[in-house]
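The structure appears right after this line, and notes come after that.
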Amino acid sequence: MTDQLFALPTAERDDAAAAAPSPWWRDAVIYQIYPRSFADSDGDGIGDLPGIRSRLPYLRELGVDAVWLSPFYASPQADAGYDVADYRMVDPMFGTIADAQGLIADAHGLGIRVIVDLVPNHSSDQHEWFRRAIAEGPGSPLRGRYHFQPGQGENGELPPNNWKSIFGGPAWTRTTDPDGTPGDWYLHLFAPEQPDFNWEHPAVADEFRTILRFWLDLGVDGFRIDVAHGMVKAEGLPDIDESREWHLLDAGISPCFDRDGVHEIYRSWRRILDEYPGERIAVAEAWAPTLERVANYVRPDELHQAFNFSYLGTAWDAADQRKVIDDSLEAMRKVGAPATWTLSNHDVVRHTTRMLQPNDGDEVAGRKPIDVDPAAGQRRARAATLLMLALPGSAYLYQGEELGLPEVVDLPPEVRQDPAFHRANGQDGYRDGCRVPIPWDGDRTPYGFGPPDGPSWLPQPESWAQLSVAAQQGRPGSTLELYRAALALRHSDPALGAADNLTWCEAPEGLLVFERAPHFRCTVNMTAAPIRIPMPGRALLTSGPVDLDGAEVEIPADTTIWWSV
Ligand code: NOJ
């Protein structure tokens, strides 16, 4: 049996920032950095901006076009930085504004664009506006910038409506007035430390326009918009239908998600982005109920991209995958936006583990992971990745997936930090398992994540020495070399560009086969048994070992092959 066809990329990549054809984002590969878990320069056990800066050459070699950084702003970290106290300040835990500027400059020097996270649905309860709103009491004009409401019941002891927090428990918390008596309630769709802004208040919209400009002036290439479907709530904050479960990816029209009013906000943001040179972009984290509703966020005068959670939540099944790919391409085609593809992020079980688990529908965030056979998980994840990277559009990678990291399923409750885990008494909120700091080198923790023998904010498994960057670098057949080879081919082969051309070919059941003009073919065996077909052409890359001698090829289970035909 021949080994994988991993050609180590030899050709130098183009300098994306300088020479890539515009618009760069239509087929970009964007790598998500979760700052607290990427690289720790000062040995406090938490990753930081200087750490990221020092590892940028690795990302250039990997071949990504851009990075998206999860929040690094001033924050009490009640939700790992998605609770922002100051949108224009870097949290000292992560560094300084000068570090952010240095990171942006270094990344641009290497041809890597930088996308930052923007969290407009809610702030931290330590944001100056909210702190003052509480301290000044019921008459404070700052209360209008959040959703403060009197309670129901004789003494206001019941929440204003029946909305629930995504992290468990009610979506309302009662305040205490300055004189010590119980006061009004405030809305938080997430943790109590994350009060929702009232986007009807003009000061909120003004503030976010200036925050956008602040980071654009600093040189960022775009924004990932957190809870992009949440900012506008139904007038009067009506009760929800209790008979329905309360999910992010809600199957109906909810009073607080995916309201038509959010699109006005994005039109105004698009005008700002377009004022800046160099194709600055925004990508929506919008858990809308259908791909058609997701497409609304990327109409020509709105945002550029939206995450494709329907794809992420689709089972490893040939018919289901084909359908979601077709539906995604069609929905985006109608509005002229590129499709996006992603398999992992900081909120879901890593796909090395997830793709072997029973699939119970679209709801993927917070799902409890189970242990799977690591070799089988890696085999399927690699096949899924090669499929994803062959699709037209833009792909999002999550740090560590290029190392084939599995979900860490056995973190003890006392080390877990996901607020949802603690609010739901440990029955929900399993997001720490995909946030464990990544291994760079060495044979003991923290595996180069920080200084030798230094701490790591979540414990890393013993088995990760063999998954480190150093252990995989230059090793034919490693997951890291597979990613490098795939990204190098994506860059060098015009058939793998942004053009929205994908044609399905006749194939035996369980085998997905599609072509992209002029000469590219992808075959994916999604069954548990090998499938034999006539040799279609010259193999470019395989996700696992394949025997390529002969007139026929036997494609092993859970294996993807890229061909030139
Ligand atoms: C989505 C983010 O990805 C997640 O990590 C966060 O907890 C929620 N939004 C709330 O900001």
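The values are calculated or read from the model by the stated rules, or taken from the named source; none is laboratory data. Being a predicted model, the structure only gives us computed values, none of them experimental. All Cβ positions, even for glycine, are placed from backbone atoms using ideal geometry, and neighbour counts span all protein chains on display. Surface accessibility is based on the protein's heavy atoms, side chains included, excluding ligands, DNA and RNA. Shrake-Rupley method; radii C 1.70, N 1.55, O 1.52, S 1.80 Å.
Scanning segment 213-233 for residues that are out of contact with any strand residue (DSSP E or B) (no Cβ under 7 Å at 6 or more places or on another chain) and closer than 19 Å to residue 278 by Cα yields 213, 216, 217, 218, 219.
Residue 81 - would you say it is closer than 27 Å to residue 173 by Cα and under 18 Å from the mean Cα position of the chain (by Cα)? Here the answer is yes, as residue 81 does meet what is asked. Here segment 47-77 is the region considered, the condition is being within 16 Å of the ligand (Cβ to nearest atom) and more than 19 Å from the chain's Cα centre (by Cα), and the residue that is surrounded by the most Cβ atoms within 10 Å (Cβ to Cβ) is 75.
Comparison of 157, 136 shows that the only residue that is open to solvent by 70 Å² or more (accessible area, probe 1.4 Å) and out of contact with any strand residue (DSSP E or B) (no Cβ under 9 Å at 6 or more places or on another chain) is 136. Among 206, 179, 184, which is the only one that is out of contact with any His (no Cβ under 7 Å at 6 or more places or on another chain) and assigned to a strand (DSSP E or B)? From the options 206, 179, 184, the qualifying one is 184. Of the residues making up segment 375-398, at least one is closer than 28 Å to residue 57 by Cβ, among the aromatic types (Phe, Trp, Tyr) and under 20 Å from the mean Cα position of the chain (by Cα).
When we screen 429, 393, 448 for residues that are open to solvent by less than 40 Å² (accessible area, probe 1.4 Å), modelled with pLDDT under 95 and in contact with a Phe, Trp or Tyr (Cβ under 7 Å, 6 or more places away or on another chain), the only hit is 429.
Residue 30 meets all of the listed conditions (1) in contact with a strand residue (DSSP E or B) (Cβ under 7 Å, 6 or more places away or on another chain); (2) at pLDDT 95 or above; (3) open to solvent by 10 Å² or more (accessible area, probe 1.4 Å) but one, namely (3). When the criteria are applied in full, residue 557 fails the requirement of being in a helix (DSSP H, G or I), farther than 20 Å from residue 325 by Cα and not polar (S, T, N, Q).
Of all residues in segment 309-321, none are of a type in the set (Gly, Ala, Ser), open to solvent by less than 10 Å² (accessible area, probe 1.4 Å) and modelled with pLDDT of 95 or more. Residues being part of a loop (DSSP other than H, G, I, E, B), closer than 30 Å to residue 124 by Cα and more than 16 Å from the ligand (Cβ to nearest atom) are entirely absent from segment 465-475.
Among the residues of segment 253-285, those identified as assigned to a loop (DSSP other than H, G, I, E, B) and of a type in the set (Gly, Ala, Ser) are 254, 261, 278. Would you pick out the residues in segment 516-565 that are charged (D, E, K, R) and surrounded by fewer than 20 Cβ atoms within 10 Å (Cβ to Cβ)? Within segment 516-565, 532, 538, 547, 549, 552, 554 meet the criteria.
Scanning segment 65-122 for residues that are of a type in the set (D, E, K, R) and out of contact with any Asp or Glu (no Cβ under 8 Å at 6 or more places or on another chain) yields a total of 4. Restricting attention to segment 496-524, the residues being in contact with a Pro (Cβ under 6 Å, 6 or more places away or on another chain) and more than 17 Å from residue 341 (Cα to Cα) number 1. Residues that are acidic (Asp, Glu) and either within 16 Å of the ligand (Cβ to nearest atom) or open to solvent by 20 Å² or more (accessible area, probe 1.4 Å) (or both) were ranked within segment 402-426; the one that is nearest to residue 369 (Cα to Cα) is 407. Scanning segment 118-156 for residues that are in contact with a helix residue (DSSP H, G or I) (Cβ under 6 Å, 6 or more places away or on another chain) and more than 16 Å from the ligand (Cβ to nearest atom) yields 129, 132, 133, 140, 142, 143, 145. Applying a threshold of 9 Å to beta carbon distances and a minimum spacing of six or more residues, or different chains, the list of pairs starting in segment 295-311 at a residue that is under 9 Å from residue 340 (Cα atoms) and ending at one that is open to solvent by 10 Å² or more (accessible area, probe 1.4 Å) and of a type in the set (S, T, N, Q) reads 306/296; 307/345.
For residue 385, the stated conditions do not hold, so it cannot be described as away from the ligand (no atom under 16 Å from the Cβ), among the polar types (S, T, N, Q) and free of Cβ contacts under 8 Å to residues at least 40 places away in the same chain.
A quick yes/no check of all residues on (1) within 25 Å of the chain's Cα centre (by Cα); (2) open to solvent by 10 Å² or more (accessible area, probe 1.4 Å); (3) on the phi < 0 side of the Ramachandran plot:
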residue: 472; (1), (2), (3): yes, no, yes
residue: 480; (1), (2), (3): yes, no, yes
residue: 497; (1), (2), (3): yes, yes, yes
residue: 508; (1), (2), (3): no, yes, yes
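Residues in segment 158-170 that are in contact (Cβ under 8 Å) with a residue 60 or more places away in the chain and assigned to a loop (DSSP other than H, G, I, E, B): 160, 161, 162, 163, 165, 166, 167, 168, 169.
Residues that are within 16 Å of the ligand (Cβ to nearest atom), open to solvent by less than 10 Å² (accessible area, probe 1.4 Å) and in contact with a His (Cβ under 9 Å, 6 or more places away or on another chain): does segment 95-117 have at least one? Taking every residue of segment 95-117 in turn, none turns out to be within 16 Å of the ligand (Cβ to nearest atom), open to solvent by less than 10 Å² (accessible area, probe 1.4 Å) and in contact with a His (Cβ under 9 Å, 6 or more places away or on another chain). Hey, could you check segment 164-173 for residues that are buried (at least 22 other Cβ atoms within 10 Å of the Cβ), within 15 Å of the ligand (Cβ to nearest atom) and not small (Gly, Ala, Ser) and say which is nearest to residue 256 (Cα to Cα)? Applying the filter and picking the extreme gives 166. Which ones in segment 286-306 are outside any helix (DSSP H, G or I), modelled with pLDDT of 95 or more and open to solvent by 10 Å² or more (accessible area, probe 1.4 Å)? 299, 300, 301 - these are the residues of segment 286-306 that are outside any helix (DSSP H, G or I), modelled with pLDDT of 95 or more and open to solvent by 10 Å² or more (accessible area, probe 1.4 Å).
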